[in-house]
Amino acid sequence: MPEWAGRGGRQRRAFVVGGTLLAVAVVMLLAAWRSTGFLSDLLLNLGASVVLAAISYVIFDPLFEEARKARVQEHLSFDQQAFVARLHRAGRRVRILDTWTILLEQRHRDETLAAVRAALANGAQVQVLLLDPDCAAAQQRSEELERQRVDVPRQIRTNLRHLTAFQEALDPRLRHRFQVQLYDASPSIQLYQWDGRALISFFPIGKLSFNVPQLEVDMDSPWGGFVHARFEELWEHGQATLNLDRYWSVTVTLLHDDSDVVEVQVPYVTVDGHHYIDCRAFRLARPLSVRAGLPPRAVAAATAVFALAEPADGDRTPPAGVIRHFDQKYGRGDGERALRRLVPQPPGHSRTPAPRPAAAGDPHAG
């Protein structure tokens, strides 16, 4: 991290430099007082000049700094290569706020993730905030980009699949500084920040935000303060924000009479208000009941008891549609999925008795 970071650091730098110059001036004046002749006059003039320089620096440096921060550079479009190069050098903070990011498309992905890993190794905190693919705003953005034939939820899910794989492959010493969250709100601002600088733009109707002018701003400027506040508002929004772990899997506890049998993390999707899980992590010997911790924004209670029902052709979303959602989120599976729909049970409903389920691969599984 740079020694002089942020507004307070720059102020301290101005005072330290000014104080150093004053100290040098004092030494010169004392030497002039002890000397005689030409040397005394020379040191006296130099000392007075250094005093004037120190005072000028302390007064005018903050003014120049404020003018520099207020300067806004405009770029015709988002330059992926330039931003990735800046990521390699980032050492304090990297923030991305977008619907989805083209930095994770195939032609940029490896270079981008290598740059993120370098920023983490430099000590930077990396925060990525993308639009929730299951929220209404994602579908609305797709409608705005209809002429571009862009499926926004699909693009976001693909991004999240690559981010999950990257997070799992990270060194544990770096993983805690890499955070990904999803927001549920109308997208308004696009932000790509590296340390104290950032590129910002807005979401035009009918156009991709990467192909419109980008403003490069200082994060200590009014523009930077505005986008910083927007990022913090979305990041800390509680029920409207979902972290990557909660998006990727749901905790399911299989029940036998009144006892918890086994707790597993399983893949899930939400389609037309219904929640589906992939039960390949355990054997389904007979109808079961489960307790599941639903995503924070689910209409039902955060944790409730459910029966498991097989998707049927007569459902609002046929099985093929559910499988398609799983494939978009997790990629095409290497085996047949064991999909079940979570059917809410009324309060006080007796749990379905079930034999002890065995995890997949258990040698004692029947």
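Observations on the structure shown:
- Search result, residues across the range 300-324 that are at pLDDT 85 or above and farther than 15 Å from Leu339 by Cβ: Val305
- Extreme residue, surrounded by the fewest Cβ atoms within 10 Å (Cβ to Cβ), among residues of the range 271-282 that are in a strand (DSSP E or B) and either among the β-branched types (Val, Ile, Thr) or more than 28 Å from the chain's Cα centre (by Cα) (or both): Val271
- Residue in the range 73-84 that is of a type in the set (Asp, Glu) and more than 19 Å from His228 (Cβ to Cβ) present: yes
- Scanning the range 181-204 for residues that are among the aromatic types (Phe, Trp, Tyr) and within 17 Å of Trp235 (Cα to Cα) yields Tyr183, Tyr192.
- Checked against the criterion of being at pLDDT 95 or above, basic (Lys, Arg) and assigned to a helix (DSSP H, G or I), the candidates Arg68, Arg117, Arg95 yield just one match: Arg117.
- Of note, Asp184 does not satisfy the criterion of being farther than 20 Å from Ile156 by Cα and either within 14 Å of the chain's Cα centre (by Cα) or not aliphatic (A, V, I, L, M) (or both).
Rundown of residues vs (1) of a type outside the set (D, E, K, R); (2) closer than 19 Å to His88 by Cβ; (3) at pLDDT below 95, yes/no style:
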residue: Glu144; (1), (2), (3): no, no, yes
residue: Asn159; (1), (2), (3): yes, no, no
residue: Gln179; (1), (2), (3): yes, no, no
residue: Pro213; (1), (2), (3): yes, no, yes
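- In the set (1) of a type outside the set (S, T, N, Q); (2) surrounded by fewer than 21 Cβ atoms within 10 Å (Cβ to Cβ); (3) under 19 Å from Phe326 (Cα atoms), the condition left unmet by Arg157 is number (2).
- Total residues in the range 89-103 satisfying the condition of being open to solvent by less than 10 Å² (accessible area, probe 1.4 Å) and among the aliphatic types (A, V, I, L, M): the figure is 4.
- Pair list, Cβ < 7 Å and 6+ apart or interchain, from the range 288-299 residues that are at pLDDT 80 or above to residues that are assigned to a loop (DSSP other than H, G, I, E, B) and crowded, with 17+ Cβ neighbours inside 10 Å: Ser289/Gln345; Ser289/Arg351; Ser289/Thr352
- Figure legend. Inter-residue proximity from the range 229-248: first residues within 23 Å of Gln193 (Cα to Cα), second residues part of a helix (DSSP H, G or I) and open to solvent by 60 Å² or more (accessible area, probe 1.4 Å), beta-carbon distance below 9 Å, spacing 6+ or different chains. No pairs are indicated.
- In the range 147-161, the residues that are within 8 Å of Trp100 (Cα to Cα) form Cβ pairs under 8 Å with partners that are assigned to a helix (DSSP H, G or I), at six or more places apart or across chains, as follows: Val152/Ala138; Val152/Gln139; Val152/Arg141; Val152/Ser142; Ile156/Ala138; Asn159/Leu104.
- Residues of the range 73-106 that are free of Cβ contacts under 8 Å to residues at least 24 places away in the same chain and of a type in the set (A, V, I, L, M): Ala82, Leu103.
The values are calculated or read from the model by the stated rules, or taken from the named source; none is laboratory data. Since the model is a prediction, treat every value here as computed from it, not as a measurement. In this analysis, Cβ positions are derived from the backbone assuming ideal geometry, glycine residues included, and neighbour counts consider all displayed protein chains. Calculation scope for accessible area: heavy atoms of the full protein, side chains included, ligands and nucleic acids excluded. Shrake-Rupley method; radii C 1.70, N 1.55, O 1.52, S 1.80 Å.
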